[in-house]
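Worksheet for the structure shown next.
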Amino acid sequence: MTKTALITGITGQDGYYLSHLLLNQGYRVVGLVPPHRQPNLAKLGTLAHQVEIYTVDLRDTLALLTAVEQLRPQEIYNLAAPSFVPDSWNDPLGTLDLITGTATRLLEAVRQVGLSTRFYQASSSEMFGDVDRSPQDEETPFRPKNPYAAAKLHAHWTMVHHRQRYGLFACSGILYNHESPLRAPQFVPRKISLAAASIKLGLTDTLEMGNLDAKRDWGFAGDHVEAMWRMLQVDEPEEYVIGTGKLHSVRELVSAAFECVNLDWTRHVVINTDLLRPDEHFQLVANPTKAKKKLGWEPQVSFEELVQKMVQTDLERLQSGAIAPATSSPSV
Ligand code: NAP
């Protein structure tokens, strides 16, 4: 029997990689996309013809219930979110409504229709927030620092409550930063890959950055979506911390990106003190031992390979005129 997977946020970075994985596994893939975001289906490229799209406003409880009732999916992946954290300060209520509201509506729909659907919630390492230990694992306390993280935590607990009270097969992946050529340019790694490629082609000359010593656990989106899928294939629904467990500084990222295009980054990077943030005492870095043990999951793409993939793709896109070059103005 062909399995149906329902995805919110299908037009995002993870939606793309997850759809690709599921289609290759023989799933019927259905994306729920609000009417006003239909133009973004173009981001799916050729995959747009292989998935089905239901036009649904994710804030519409009845519409979501109807979609779940009609489609009766074996798996739901709830990925939709305004994912650029700083934006959540401008719209805390909208952030909460979309992130927490969608998770709650979908879980309630599964419960009310009485399905045995397996549910994945896209949780975030941002929920750990103001950490007092490194690395973090599934037992680390949550101390969210922004409206995005608070909304994600609310959604996460709603998922746990539906599992505990109603016995739903509900899981979440607490994912650390993951990147790809599909990452939006306001995120630091893509900002850097685009700048390195633009400078190489003589389309711009400088890259403005803040704290080069800031460190992150950066993985490849294609690896991280594999962990999501694996979570829904095991017998017990649980939470999993998903990250590489390795920290790299922004300086290393810049250096690796410019190395890909044989340029000396120190000639092009300008430090903008407006972009500096206070140093973090403890770093957000994953301890993915549980995922390795119970899911057999391990990242396959190294930091260097990831950077190479991103810079190479940006070079090709710029050369073909598919995207605009980086501007020298700061975006982060
Ligand atoms: P992304 O590329 O920003 O994709 C987000 C998706 O959510 C897109 O399909 C987007 O639609 C949709 N969306 C945003 N605002 C919406 C709204 N108001 N109504 C309906 N849909 C909306 O994010 P991603 O990197 O794929 O991340 C997937 C999920 O994992 C997100 O929930 C994110 O918060 C979470 N996460 C990501 C990371 C990471 O490092 N990437 C880490 C931890 C957790 P449009 O295409 O129309 O904009």
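The values are calculated or read from the model by the stated rules, or taken from the named source; none is laboratory data. As the structure is a prediction and not an experimental result, all values here were calculated from the model. Quick reminder, even Gly has a Cβ in these numbers, built from the backbone with ideal geometry, and neighbours come from all protein chains shown. The accessibility values were calculated without ligands, DNA or RNA, using every heavy atom of the protein model including side chains. Shrake-Rupley method; radii C 1.70, N 1.55, O 1.52, S 1.80 Å.
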Task: Condition broken by Gln312, with the remaining ones in (1) buried (at least 17 other Cβ atoms within 10 Å of the Cβ); (2) within 27 Å of Ala42 (Cα to Cα) satisfied - done: (1)
TODO: All but one of (1) under 22 Å from the mean Cα position of the chain (by Cα); (2) open to solvent by less than 10 Å² (accessible area, probe 1.4 Å); (3) within 15 Å of the ligand (Cβ to nearest atom) hold for Glu75, so report the exception by its number.
DONE: (3)
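Identify the residue in the stretch 107-136 that is assigned to a loop (DSSP other than H, G, I, E, B) and away from the ligand (no atom under 16 Å from the Cβ) and, among all such residues, is least open to solvent (accessible area, probe 1.4 Å). Before the answer, list the steps.
The first filter runs over the stretch 107-136 and keeps only residues assigned to a loop (DSSP other than H, G, I, E, B), leaving 114-117, 128-135.
If we keep only those that are away from the ligand (no atom under 16 Å from the Cβ) as well, we get 114-117, 130, 132-134.
Details: Gly114: 61, Leu115: 30, Ser116: 108, Thr117: 6, Asp130: 79, Asp132: 72, Arg133: 98, Ser134: 54 Å².
Within the stretch 107-136, the match that is least open to solvent (accessible area, probe 1.4 Å) is Thr117.
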- [ ] Mind listing whichever residues of the stretch 1-46 are within 13 Å of the ligand (Cβ to nearest atom), among the hydrophobic types (A, V, I, L, M, F, W, C) and either part of a helix (DSSP H, G or I) or open to solvent by 10 Å² or more (accessible area, probe 1.4 Å) (or both)?
- [x] Leu18, Leu41, Ala42, Leu44
Open item on the list: Checking Lys152 against (1) within 20 Å of Val250 (Cα to Cα); (2) among the charged types (D, E, K, R); (3) open to solvent by less than 50 Å² (accessible area, probe 1.4 Å); (4) within 11 Å of the ligand (Cβ to nearest atom): exactly one of these is not met. Which one?
Closed with: (1)
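A quick yes/no check of all residues on (1) over 23 Å from Ile76 (Cβ atoms); (2) hydrophobic (A, V, I, L, M, F, W, C); (3) in contact with a strand residue (DSSP E or B) (Cβ under 7 Å, 6 or more places away or on another chain); (4) open to solvent by 10 Å² or more (accessible area, probe 1.4 Å):
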site	(1), (2), (3), (4)
Leu203	yes, yes, no, yes
Lys215	yes, no, yes, yes
Arg230	no, no, no, yes
Glu238	no, no, yes, yes
Val241	no, yes, yes, no
Open item on the list: All but one of (1) under 21 Å from the mean Cα position of the chain (by Cα); (2) surrounded by fewer than 24 Cβ atoms within 10 Å (Cβ to Cβ); (3) in contact (Cβ under 8 Å) with a residue 60 or more places away in the chain hold for Leu207; state the number of the condition that does not hold.
Closed with: (1)
- [ ] Please state which of the following conditions Asp97 fails to meet, knowing it meets all the rest: (1) buried (at least 17 other Cβ atoms within 10 Å of the Cβ); (2) within 14 Å of the ligand (Cβ to nearest atom); (3) more than 18 Å from the chain's Cα centre (by Cα).
- [x] (1)
